[in-house]
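Structure record follows, encoded as structure tokens.
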Amino acid sequence: MRLLRDNSLTLILLLLFAISLIGQWLAGWHFNNSELVRHHQSEIGPVAFLRDPLFLSSVFENWESEFLQMSAYVMLTAVLMQRGSAESRDPDAPLRDGDLAKQARKAGAPAILRAGALWRWLYARSLGIVLFMLFGASFTLHLVYSAQAAAAEAAQHGDTAEPIHAYLFSAQLWFESFQNWQSEFLSTAVLIVLSIFLRQRESPESKPVAAPHSQTGA
């Protein structure tokens, strides 16, 4: 079907996301129950684990790093370049989005570009803005559920839980965040550099197979 063909990339990625999330949920549920048994506590069911701060914290911890990576990547590639990389614009090429007021009159141009200078400015940066907002939302949820998980652990040991405003500066929260952030930035940098010399046939993330190494952009 044409609908499936035209949307196959998104559908497969969402399917892989769902499989991975279910796998994380079930594996986390078994791991959490083994920890509860080890501490002589009652096991919980799989549905209850969906509401557990430990599970929710780990989910949003990962989403946070992904949205940070993508928002930083989108915004940095607008101003920074890597010659020869398929992931960079050509430093010698003219800017493609110079006069948006003029381009707004082109056939098929989004209608919002004709709504005025402010709307053009916002729309021209909307991808980076929304990705960064998703990062902010994921970080906030990671903070909330990580604080709840830490409070539950503190209660098990008879300790006093930190209030959420204090937990924002805790080493645990930032250890959880930085361990994911560093891997995201490293993988992006590796992709940028490898795309100079290596190819993936027919992928828009790669230069054409026969393209010279010096060619910049896909």
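A short reminder: the numbers here are calculations on the coordinates, not readings from a lab. Owing to the predicted nature of the structure, the values given are computational and were not obtained by experimental measurement. No Cβ is skipped: glycine too gets one built from the backbone with ideal geometry, and neighbour counts run over all protein chains shown.
Taking other residues whose beta carbon is less than 13 angstrom from the beta carbon of HIS213, and scoring Lys, Arg as +1 and Asp, Glu as -1, yields +3. Taking the helices alone, the chain has a mean residue ellipticity at 222 nm of -21000 deg cm²/dmol, built from -39,500 (n - 2.57) per DSSP H run of at least 4 residues and averaged over all its residues. If one computes P(r) from the Cα atoms of segment 1-51, what percent of pairs lie at distances over 19 Å? Counting pairs separated by more than 19 Å, the tail of P(r) holds 47 percent. Just to confirm my numbers, what's the Cα centroid distance between segment 64-122 and segment 160-218 in Å? Cα centres, segment 64-122 to segment 160-218: 20 Å. Between LEU15, LEU95, LEU173, the GNM of the chain built on Cα springs shorter than 10 angstrom shows LEU15 fluctuating the most.
When Kirkwood radius over Cα pairs in Å is computed from the coordinates, the matching label among (i) 18.7; (ii) 17.8; (iii) 21.1 is (iii). Applying the criteria of a DSSP loop state and at most 11 other Cβ atoms within 10 Å to the GluC sites (Glu not before Pro) of segment 136-203 yields GLU202. Which of the trypsin sites (Lys or Arg not before Pro) across segment 91-159 are loop residues per DSSP, with 11 or fewer other Cβ within 10 Å? Qualifying residues, ordered by number: ARG96, ARG105, LYS106. Mean-square fluctuations from a GNM of the chain, with a 10 angstrom spring cutoff on Cα atoms, peak among SER57, SER206, SER65 at SER206. Spin-label model, ARG38/THR160: points 7 Å from Cα along the beta carbon direction are separated by 2.9 nm. GNM remark for the chain: springs join alpha carbons under 10 Å apart, and the peak mean-square fluctuation among ARG38, ARG51, ARG199 falls on ARG38.
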